[in-house]
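Reading through the structure tokens given below for one structure.
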Amino acid sequence: MVTIETESQAPVLDEESQAEIVNDLSIQVATVNGSGSQSSNNILMRSIFQMGIPISGKNLFPSNIAGLPTWFTIRASKHGYVARKKEIDILIALNPETAKEDVESLTPGRVVIYEEKLNLSRLRDDLTFYPIPFSKIAAEVVSNARLRKLVANMAYVGSVAELLGIEMVEVETAICKWFKTKQKAVELNIKVSHLGAEYVRKHSPKTDPYRLERMNQTQGKIIIDGNSACALGAMFGGATVVTWYPITPASSLCESLIDYMQRYRIDPKTGKATFAIVQAEDEIAALGMAIGAGWAGARAMTSTSGPGISLMAEFTGLAHFAEIPCVIFDIQRLGPSTGLPTRTSQGDVFSLHYLSHGDTKHVVLFPATMEECFEFSRVAFDLAEHFQQPIFVASDLDIGMNNWMADPFDYPEMAYDRGKVLTAEDLKRLGEFDRYRDVDGDGIPYRTLPGTEHPLAAYFTRGSGHDESARYTEKPEEYEKLMKRLLRKLETAKNWVPQPEIEYVDGAEVGLIAYGSTDIAIGESRDQLREEEGLETNYLRIRALPFTKHVRDFVSRCKRVYVVEQNRDGQLGDLLLLEVGPGVHRIEKILAYSGLPIDARFITEQVLLLEA
Amino acid sequence: MAVGEQQPKKKNVNRIGLARSDYAGQLSTLCSGCGHDGITNQIIKSFYELGVNPYQVAKLSGIGCASKTPAYFMNTSHGFNGVHGRMPSLATGVILANHKLICIGVSGDGDTASIGLGQFCHLVRRNVPMIYIIENNGVYGLTKGQFSATADQGSKLKTGVSNELPAIDCCSLAIEMGCTFVGRSFAGDPKQVVSLLKGCLSHSGTSMLDIISPCVTFNNHDGSTKSYKWAKEHEELLHQIDFIPYFDPIETIDYLEGESREVEMHDGSHIRLRKLARDYDPMSKIGAMRTLHEAAASNEFLTGLMYVNPVAKSFVDSLDLGEEPLCGLPQDRLHPSREALDEIMQELM
């Protein structure tokens, strides 16, 4: 197996022979963390979105509250490509500390819009520079220094709008949407954005080829981040006990869940909460609470990232072995240890699938789209109660914290699957109950909840060896029997987890396999391979562990299989190698693990290298 | 196993018609003479006497000798033997899911004061409504005699290793962390243990009992403050505790002024504290802390109700939950409407 890394060759734009480039560009706004650029960046992104142009918005930020550099990247693509684009086309340079380096990293022919004071145009002669005095513009209307700094950001929105052809009416709409009822803020920001546009009209004649024009690809779409989509899924999934410990990039999942629950989950009859959200003292306690609640019959969840997953290992083993439902969200970030806490990764695949000591294997769901974040989060609660197991939803920073377009979520119509729970009436009818007996042959036993008023209901839950009646035992044959049943349960789960999405193309010999946020770049890469090289590819997207038999079929139908993922070791690839057997020699890995979201060009180049 | 209406009429039954045997558990596998078995018996006695419905009880524990004991009482209650030191979080989750349950957790000094110190502190700080019993013997029994964090300073193992570290006082720790019902007792004083347990059952927040419970195998030697002999010789009661349950009429015995104090509990029960050598006010946090620190400094073994705040807001109160437990809410109470989803989607457009 080989993994090849190469320097990417970005296309060089020849300044002389520039044709217009319409609705296909990336904008990077370089600011300082905590400077209030979040509003202006979002307004810029939304203005483009409102013009019907597909967009995505990524925040590349430091592990810091204020003062360190931060970059916001907007990609606008008429093709609907929303993955990270490696090349920056338009740099908006507002941060003196990074401006020089940011300018130097651009490829020739690109554009720099910058705060005039930074005096950047002397740095290079192969870029288009637009110096604009943003702070002076803001000073015209605001005397308060702090407010001026915030409002200056809106000046660049106006200037960029003017330069790229974003309609000011859309900027105004986006400002209104962002500031909602804060009328003063709305007025002030609109005013400053117009001043920014006006300055460009008067002083900065356009000389670059990039342009945006109205199209109709975003009608009816929403913009959401994956953490909010997961939160919505959890709310509609009937989560009642939510426990968490703050950690980037997972915190915003529970924080937006708090917002949504306070709006939509207060019982109209009683005025009381139909949920309990608890910020625990650490991730161990967070999972412990979720397990306690799951044991007592609530739909319980916790949300964390890699370091929290490590802390949850022991409790996950307990929930697995004692068969207690709970849902665990892992918004992956770059490890090991503290790693790069604000960068994305798919490095927890092994951890999640095998978490804890002894023989443990868990169901892991990999949402790749906002619709799936919503759906899988909801379904995870059904799976948890159906299988009486911890269920992991593995998202990552790129999915979780960045802005993505999506179709509005379909209203979920399905009844909750509360699993095999026996009531007092059931027990009366049955006349017997053994907590860990495989009555139905699917590996899933029946359970009762504490508080069930029947002499047969009670049993003793333990993380130690137990027999079918939940009694402590050290008998070797009882232990083996239990372990085999747990494996049988995992086999059953293969038919219940989201199946892979597979696309076979006539005549294609190459098969790509990816999952989660890597999928976002795969479509674009496959287009590049087809259009630029005539290379057709089949594609299988894993949506859950354990693997289903489709995966093995796919590998055997393709001559060469490239597993693309965002970790150093190719963790999912390794799991495939274990699973696939005879087809192993066909599998190669393509791996990105810099912490930046994987981009299509990288995948394309790697595929071509391996194909050569 | 059978309980309630399925039983023929019995003579000795409590107010809900159950016999004491209906509160029994499995046979204990602890060492003969273990203090923990005595406490188990007092749990059975107090739950039986107050007529607690065993179906509504959840028994939890961590890992260790003490944590085995929930198997030895109330067979018809659900039990959960979790992982070492993490029973508080499990219990918190159980209560969040179903606050109607009467939750009793049994832990040891290792499970609480070493590996579980953090969770213990946060449990009492939250005032999660549950009974938390520490069966405190100053030693790790299951792993054969290592020091725990409550071991006597200066004590020696058979191997000659000596403990140079001060013992953690679970009572003053609990008070400091905001515990609203703190008692200390001795497994060899069943009467007091029962009175305190009944007090716990009438409390609306976390009630913690630190019960000295000698380990006959590893820490019952002369000089150990966790031995039967020492504890018996040195136990000094702060007061005589009488518990008057809410369903019994309060006896109107006239005590002389200053002879007793009475605490009215959340459920209307009363704890009557009859004065002994000192006039002790269990409602004073500062007084309790001073008493505990002075006792520790002079190696006194004070037992009784150290501190109580019967009106503190419990964790369930502060979460603004409804009467019905969360675990019992049906889908139509949990699933927002189509209009709600439409509204959310509109905002995101």
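With each pseudo-label sitting 7 Å past Cα toward Cβ, what's the B:Arg125-B:Glu259 distance in nm, one decimal?
Going by the 7 Å Cα→Cβ label model, 4.4 nm.
Kirkwood hydrodynamic radius for segment A:424-493: how many Å is it when counted over pairs of different Cα atoms? The partial results should precede the final answer.
Details: mean 1/r = 0.0776 Å⁻¹.
Over segment A:424-493, the inverse of the mean reciprocal pair distance is 12.9 Å.
Which whole number of Å³ per residue matches the convex hull of the alpha-carbon atoms in the protein assembly as shown? Present the calculation step by step, with values, prior to reporting the outcome.
Numbers: hull volume 198.2 nm³, N = 961.
Taking the convex hull of the Cα positions in the protein assembly as shown, it is 206 Å³ per residue.
Excluding same-chain residues fewer than 8 positions from A:Lys549, which lysines have a Cα within less than 30 Å of its Cα?
A:Lys361, A:Lys420, A:Lys481, A:Lys484, A:Lys489, A:Lys494, A:Lys559, A:Lys589
Rounded, prolate or oblate: pick one for segment A:501-611, where a ≥ b ≥ c are the square roots of the eigenvalues of its C-alpha gyration tensor, a/c under 1.5 means rounded, and failing that, prolate if a/b is larger than b/c, else oblate. Mind dumping the intermediate values first?
Working: a/c = 1.59, a/b = 1.13, b/c = 1.40.
Judged from the Cα gyration tensor, segment A:501-611 comes out oblate (a/c at least 1.5, b/c at or above a/b).
Working from the pairwise distances between different alpha carbons, so that the mean of 1/r is found and then inverted, what is segment B:240-349's Kirkwood radius in Å? The partial results should precede the final answer.
Details: mean 1/r = 0.0533 Å⁻¹.
Here the Kirkwood hydrodynamic radius works out to 18.8 Å.
In debye, nearest 20, what is the charge dipole magnitude of segment A:185-340 about its Cα centre with +1 on Lys and Arg Cβ and -1 on Asp and Glu Cβ, if you could check? Intermediate results must be reported in sequence, preceding the final value.
Working: 13 positive and 14 negative charges, 180 e Å.
I would put it at about 860 debye.
Report the calculated FRET efficiency for A:Asp126 and A:Glu533 (r = Cβ-Cβ distance, R0 = 41 Å), to the nearest 0.05. Kindly include the intermediate steps, with their values, before the conclusion.
On the way: r = 29 Å, r/R0 = 0.70.
So, using R0 = 41 Å, E works out to roughly 0.90.
Give the Kirkwood hydrodynamic radius (Å, one decimal) of chain B, defined as one over the mean of 1/r across all pairs of different Cα atoms.
Working: mean 1/r = 0.0472 Å⁻¹.
This gives a value of 21.2 Å.
Taking the DSSP beta bridges in segment B:1-111 as the whole, what percent of them are antiparallel, to the nearest 5? The partial results should precede the final answer.
Numbers: 1 of 10 bridges.
In segment B:1-111, approximately 10 percent of DSSP beta bridges are antiparallel ones.
Could you give each residue of segment B:205-222 its phi-based ³J(HN,Hα) in whole Hz, using Karplus coefficients 6.51, -1.76, 1.60 with θ = phi - 60°, and x for Gly or Pro?
x, 6, 10, 10, 10, 9, 10, 5, 9, x, 8, 5, 8, 10, 8, 10, 7, 4
For A:Glu104 and A:Glu413 in the same chain, what is the full-extension length gain: residue separation times 0.36 nm, less their Cα-Cα distance, in nm?
On the way: separation 309, 0.36 × 309 = 111.24 nm, distance 5.34 nm.
This chain segment gains 105.9 nm when fully extended.
Show me the ranking of peptides A:88-101, A:367-380 by mean Cβ neighbours inside 10 Å, starting with the highest. Before the final figure, lay out the partial values.
Values: A:88-101: 20.4, A:367-380: 25.9.
Packing proxy ranking, top to bottom: A:367-380, A:88-101.
B:Lys229: which lysines have alpha carbons under 22 Å from its alpha carbon, excluding same-chain residues fewer than 8 sequence positions away?
B:Lys144, B:Lys156, B:Lys158, B:Lys191
Which of the lysines could be linked to A:Lys58 by a straight reach, that is with a Cα gap under 22 Å, when you skip same-chain ones fewer than 8 residues away?
Leaving aside lysines fewer than 8 places away in the same chain, those within reach of A:Lys58 are A:Lys78, A:Lys85, A:Lys86, A:Lys100, A:Lys177, A:Lys221.
About its Cα centre, how strong a charge dipole does the protein assembly as shown have in debye, to the nearest 20, once Lys and Arg get +1 and Asp and Glu get -1 at the Cβ? Walk me through the numbers before you get to the answer.
Details: 96 positive and 123 negative charges, 351 e Å.
For this selection, approximately 1680 debye.
Loop-only trypsin sites (Lys or Arg not before Pro) in segment A:127-187, please: DSSP not H, G, I, E or B, and at most 13 other Cβ atoms within 10 Å.
Details: sites: A:Lys136, A:Arg146, A:Arg148, A:Lys149, A:Lys177, A:Lys180, A:Lys182, A:Lys184; in loops: A:Lys180, A:Lys182.
In loop regions of segment A:127-187 (DSSP not H, G, I, E or B), the sparsely surrounded trypsin sites (Lys or Arg not before Pro) are A:Lys180, A:Lys182.
Which distance in Å, rounded to a whole number, links the C-alpha centroids of segment A:397-476 and segment A:575-592?
35 Å
How many nm is it between the label spots at A:Lys559 and A:Lys475, if each spot is 7 Å from the Cα in line with the beta carbon?
5.8 nm
Are there DSSP H segments in chain A that both extend 24 Å or more along their axis (alpha-carbon positions) and score a mean Kyte-Doolittle hydropathy of at least 0.0? List them, or say none.
Membrane-span-like by this criterion, though nothing is claimed about a membrane: A:145-164, A:370-387.
Within a 10 angstrom radius of the beta carbon, how do B:Phe243, A:Phe315 rank from fewest other beta carbons to most? Don't skip to the answer; put the middle values down first.
Working: B:Phe243 22, A:Phe315 31.
Listing B:Phe243, A:Phe315 from fewest to most nearby Cβ atoms yields B:Phe243, A:Phe315.
Using a Förster distance of 60 angstrom, determine the FRET efficiency expected from the C-beta separation of B:Met349 and A:Asp359, and round it to 0.05. Working shown, then result.
Values: r = 48 Å, r/R0 = 0.80.
E between B:Met349 and A:Asp359, to the nearest 0.05, is 0.80.
Go ahead and run the numbers for FRET between B:Tyr246 and A:Asp259, Cβ-Cβ distance against an R0 of 45 Å, rounding to 0.05.
Numbers: r = 41 Å, r/R0 = 0.92.
About 0.60, to the nearest 0.05.
Where nothing but the Cβ of Lys and Arg (+1) and of Asp and Glu (-1) is charged, how large is the charge dipole of segment A:251-346 around its Cα centre, in debye to the nearest 20? Don't jump to the answer; show the numbers that get you there.
Details: 7 positive and 9 negative charges, 81 e Å.
For segment A:251-346, the charge dipole is close to 380 debye.
Whole-Hz Karplus ³J(HN,Hα) for segment A:448-461, in order, using 6.51 cos²θ - 1.76 cosθ + 1.60 and θ = phi - 60°, x for Gly and Pro?
10, 9, x, x, 6, 7, 7, x, 8, 5, 5, 8, 10, 7
Please turn the phi angles of segment B:141-153 into ³J(HN,Hα) values with the Karplus equation 6.51 cos²θ - 1.76 cosθ + 1.60 (θ = phi - 60°), one per residue in order, whole Hz, x for glycine and proline.
Each residue of segment B:141-153 in turn: x, 4, 9, 6, x, 6, 5, 9, 6, 10, 5, 4, 5 Hz.
If the elastic network links every pair of Cα atoms under 10 Å, which of B:Asp222, B:Asp248, B:Asp111 fluctuates the most in the Gaussian network model of chain B?
B:Asp248
So how far, in whole Å, is the C-alpha centre of segment A:224-270 from the one of segment B:61-80?
34 Å
So what are segment B:3-108's ellipsoid semi-axes, whole angstrom, largest first, if each one is the square root of 5 times an eigenvalue of the alpha-carbon gyration tensor? Can you show the working numbers first?
Details: eigenvalues 114, 66, 18 Å².
Three semi-axes, in Å: 24, 18, 9.
With 10 angstrom as the radius, rank A:Leu127, B:Leu101 by how many other C-beta atoms surround their C-beta, starting from the fewest. Working shown, then result.
Values: A:Leu127 21, B:Leu101 24.
In increasing order of surrounding Cβ atoms, one gets A:Leu127, B:Leu101.
Need one number: nm distance between label points at A:Ser143 and A:Leu608, each 7 Å from Cα along Cα→Cβ, rounded to one decimal.
6.0 nm
Once fully extended, how much extra length lies between A:Asn216 and A:Glu432, figured as 0.36 nm per residue of separation less the alpha-carbon to alpha-carbon distance? Could the numbers behind the result be given before it?
On the way: separation 216, 0.36 × 216 = 77.76 nm, distance 6.29 nm.
Additional length available on full extension: 71.5 nm.
Can you order the peptides A:40-53, B:163-176, B:18-31 by their average number of other Cβ atoms within 10 Å per residue, highest first? Present the calculation step by step, with values, prior to reporting the outcome.
Details: A:40-53: 24.6, B:163-176: 19.1, B:18-31: 16.9.
Ranking the peptides A:40-53, B:163-176, B:18-31 by packing returns A:40-53, B:163-176, B:18-31.
A:Ala424 to A:Lys206: extension gain in nm, 0.36 nm per residue of separation minus the Cα-Cα distance?
Values: separation 218, 0.36 × 218 = 78.48 nm, distance 7.69 nm.
Computed gain between A:Ala424 and A:Lys206 is 70.8 nm.
For the protein assembly as shown, what proportion of DSSP beta bridges, expressed in % and rounded to the nearest 5, is antiparallel? Write out the running numbers ahead of the final one.
Details: 48 of 136 bridges.
Restricted to the protein assembly as shown, the bridges split so that about 35 percent are antiparallel.
For segment A:304-420, restrict the atom set to alpha-carbon positions and state the Rg and Dmax in Å.
That works out to 14.7, 43 Å for Rg and Dmax.
Rule-based calculations on the coordinates, nothing more; no lab input. Bear in mind that the values here come from a model prediction, so they are computed numbers and not experimental data. Note that each Cβ is placed from the backbone with ideal geometry, even for glycine, and that neighbours are counted across all protein chains shown.
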